[in-house]
Amino acid sequence: MTIQRTTLIRPLVAVAMVTVSTLAAVAQKAPVPTRVRGTIESVSGDTMQVKSRSGEDVKLRIAPDVSVSGITKISLADIKVGSFVGATTVPGPDGGQNAVEVHVFPESMRGTGEGSRPYDLKPNSSMTNATVSESVVGNDGHTLLVKYKDGEKKVFVPDNTPVVTFVPGDKGELKPGAKVIAFMKQLPDGSFETNRVSVGLNGLTPPM
């Protein structure tokens, strides 16, 4: 009886070890990136090569229906009560939220991605897309109270914070030297495609 139990247990242990190893491999697999920030190095037909900010070369197929938005600089004073904004924030030393960039959406984009969620621009950063309900001007910046459907957040925007907005763009903006944020998906063959690109105008590097 003891021999039979040992004979049965060994295959079960082996199966369990294989299962655990497989699960560990799946857990350790790097997530597929959803965006690349960088500089266009070349464009050939429906393909563009982007050098990411971290130095990686990323080849992207440009979707036939690609949407291109221009990004242009505006001033902190252009953020008004009622503006629908996106703010990338990091925790401040006082426990509050400090903005590292703010983008003001045009009225046609009101409601885009409304809410607050973790973001990948900086460690511990978050992205909040919301409506400005209060704006208090201080000596070294503005304090904004922004409200979204599930809550609200107080954001301090220092005077030197990059503030930008979106303007209409076209595929002609996708040229070598342009600074872009390309949103991408992985195709079944393992390659990447982008159907939405934000491009900095006049040499601007999109801050988000």
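The values are calculated or read from the model by the stated rules, or taken from the named source; none is laboratory data. All values reported here derive from a predicted model rather than from experimental measurement. Virtual Cβ from ideal backbone geometry, glycine too; neighbours counted across all protein chains shown. To get the accessible areas, we keep the full protein, side chains included, count just its heavy atoms, and leave off ligands, DNA and RNA. Shrake-Rupley method; radii C 1.70, N 1.55, O 1.52, S 1.80 Å.
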**OP:** Mind listing whichever residues of region 37-60 are open to solvent by 60 Å² or more (accessible area, probe 1.4 Å) and either out of contact with any Lys or Arg (no Cβ under 7 Å at 6 or more places or on another chain) or without any contact (Cβ under 8 Å) to a residue 12 or more places away in the chain (or both)?
**Re:** Ser44, Gly45, Lys51, Ser54, Glu56, Lys59
Original post:
For region 139-155, does any single residue satisfy the condition of being closer than 17 Å to Thr72 by Cβ, of a type in the set (Phe, Trp, Tyr) and touching a strand residue (DSSP E or B) at 6+ places or on another chain (Cβ under 9 Å)?
Top reply: no
**OP:** Test each condition in (1) without any contact (Cβ under 8 Å) to a residue 12 or more places away in the chain; (2) open to solvent by less than 30 Å² (accessible area, probe 1.4 Å) for Ala99 and report the one that comes out false.
**Re:** (1)
Original post:
Here are some conditions: (1) of a type in the set (A, V, I, L, M, F, W, C); (2) under 30 Å from Gln186 (Cα atoms); (3) touching a strand residue (DSSP E or B) at 6+ places or on another chain (Cβ under 6 Å). Met109 meets all but one. Which one does it not meet?
Top reply: (3)
Original post:
Any idea how many residues of region 135-149 are under 18 Å from Phe105 (Cβ atoms) and without any contact (Cβ under 8 Å) to a residue 60 or more places away in the chain?
Top reply: 5
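Residues that are within 20 Å of Leu187 (Cα to Cα), at least 3 per element: which strands (runs of 3 or more DSSP E) completely within region 34-106 meet that?
The qualifying strands (runs of 3 or more DSSP E) are 35-44, 47-52, 57-73.
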Subject >> region 113-152: number of residues that are in contact with a Phe, Trp or Tyr (Cβ under 6 Å, 6 or more places away or on another chain) and of a type in the set (S, T, N, Q) >> reply: 4
Original post:
Which residue pairs have Cβ atoms under 6 Å apart, sit 6 or more places apart or on different chains, and have a first residue in region 72-93 that is farther than 16 Å from Val146 by Cβ and a second that is open to solvent by 30 Å² or more (accessible area, probe 1.4 Å) and part of a strand (DSSP E or B)?
Top reply: Thr72/Val167
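Taking region 62-95 as the region of interest, how many residues are of a type outside the set (Ser, Thr, Tyr) and surrounded by 12 or more Cβ atoms within 10 Å (Cβ to Cβ)?
18
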